[in-house]
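Reading through the structure tokens given below for one structure.
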Amino acid sequence: MKVLSLQIKEIALQGGAHLAGITSVERLADSPPSGNAETLMPGARSVISFAIALDKNRTTSFLEKRDWKSHCIDRKATVQRLYSIGDILVQSLESLGYRAVNVNINNNYLPEKGAADITEMTEFHPEFSHRYAGVAAGLGRLGWSGNLMTPEYGALVELGSVITDAVLDEDPLCEQNPCDGCKMCATVCPVGMIHPGESQTVRIAGITETISRKQPNTCCWIGCTGYEGLSTRGDWSNWSPYRLAAPLPENKPELDALCISLQKSDPQMQDGDNAFEDYRKTVFDPEWLYYTVCGFCRSVCMKDRTERLENRKSIHHSGTAALAPDGHHVKAGKNSIKVSTSFGLEVVINPSDFTDINRILPSRGKNPLDREVLRELREYRSADKEFQELT
Ligand code: SF4
Ligand code: SF4
């Protein structure tokens, strides 16, 4: 199978992947449940793991709060390319008589007891972990953040996986972990998900990875979805213009309950066509905005330590985000204010942007929460009320 294994990786690289590797399913046997390829394909024998590096300049502009959308556009195009590479691999394997599955890039989670749908989930363990596959296929190792860190591109990669029943030759593991323990990932998480000092271990492919002790996954969900964007320091945020009225709870049951209540009132979750129903279909919708406001723990983690230091500085000096009348996220000005919404969140706006009611233009293609919040702001201004500062 040596020739086929080389051919398969070459197909991924020709399709636009920057990295490609192969692991046997046996090698993943000691990993947590998300490393079990048989969940998606009983009888699976091998996994092809592949990665595309994100655009560094666009990421830097994102971290500096100079430009929100370019990084969103890059991530959407990258995910589309990953799906396409996976499709080509599946076709190639099937044409030789093997079975193969192109694993969804995101938003597919193992069922959780008692959770009727995504809004009631609290663990968010993927059906199959691209990160674990990446470690086992030799693409990289888990960094302190828990993200896959590659020697070539740091953690600034998006990952894809194809599971197959073909027995392929596995690649050597990445012996040297590229994570140097700089802890920049911990300092740029607005919601304190990543502990800077306390650790836990994860076993994958015979390797014991030491990563940070994390807050419950609902903590990241709240920060990464953008329900709370402000850092605990209070002088910088991710790209979310939303704020919670109180600090995040410290215990899991309360964090989980808060996350569920926010998800239940999020208009995105009421949209029948949301990205959680069919991620692939949504990603290929030309109208859909790839709405990303965080991922700072990964984006900060470029290959070189000097870059990571610069990125941390950029984030900490980037200021905070506000919602603009056209649904764009912009940098908050000195006179920005917070306005209460009916979604359990406050929204930061620059009041001067909203003086003219006709500039508040809810439109298609924007994030549903932003759209509905803009509708409320429009109603508020139509009633000829001045925005009242909350604090
Ligand atoms: S930011 Fe530093 S500590 Fe965190 S994963 Fe990257 S290299 Fe490791
Ligand atoms: S994605 Fe954002 S909120 Fe989640 S752990 Fe990373 S930095 Fe923190």
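Scanning region 190-217 for residues that are basic (Lys, Arg) and closer than 25 Å to Glu254 by Cα gives Arg213, Lys214. Please specify each residue of region 279-326 satisfying the condition of being within 16 Å of ligand 2 (Cβ to nearest atom) and hydrophobic (A, V, I, L, M, F, W, C). Across region 279-326, the qualifying residues are Val293, Cys294, Phe296, Cys297, Val300, Cys301, Met302, Ile315, Ala321.
Where residues in region 130-146 are in a loop (DSSP other than H, G, I, E, B) and crowded, with 24+ Cβ neighbours inside 10 Å, which of them is nearest to ligand 2 (Cβ to nearest atom)? Across region 130-146, the extreme among qualifying residues is Ser145. Scanning region 340-391 for residues that are among the β-branched types (Val, Ile, Thr) and modelled with pLDDT of 90 or more yields Thr341, Val347, Val348, Ile349, Val373. The number of residues in region 1-24 being part of a helix (DSSP H, G or I) and among the hydrophobic types (A, V, I, L, M, F, W, C) comes to 7.
In region 51-64 there is at least one residue matching the filter, namely being under 30 Å from Leu6 (Cα atoms), touching a Phe, Trp or Tyr at 6+ places or on another chain (Cβ under 7 Å) and either touching a residue at least 60 places away in the same chain (Cβ under 8 Å) or not small (Gly, Ala, Ser) (or both). Scanning region 137-155 for residues that are near ligand 1 (Cβ under 10 Å from one of its atoms) and closer than 17 Å to Thr60 by Cα yields a count of 2. Close Cβ contacts (under 8 Å, 6 or more residues apart or on different chains) running from residues in region 244-272 that are touching a residue at least 12 places away in the same chain (Cβ under 8 Å) and farther than 24 Å from Thr292 by Cβ to residues that are part of a helix (DSSP H, G or I) and of a type outside the set (Asp, Glu) comprise Lys252/Thr218.
The values are calculated or read from the model by the stated rules, or taken from the named source; none is laboratory data. Quick caveat: nothing in here was measured; it's all calculated off a predicted structure. A quick note on method: Cβ atoms are made from the backbone with ideal geometry, for glycine too, and the neighbour counts reach across all protein chains shown.
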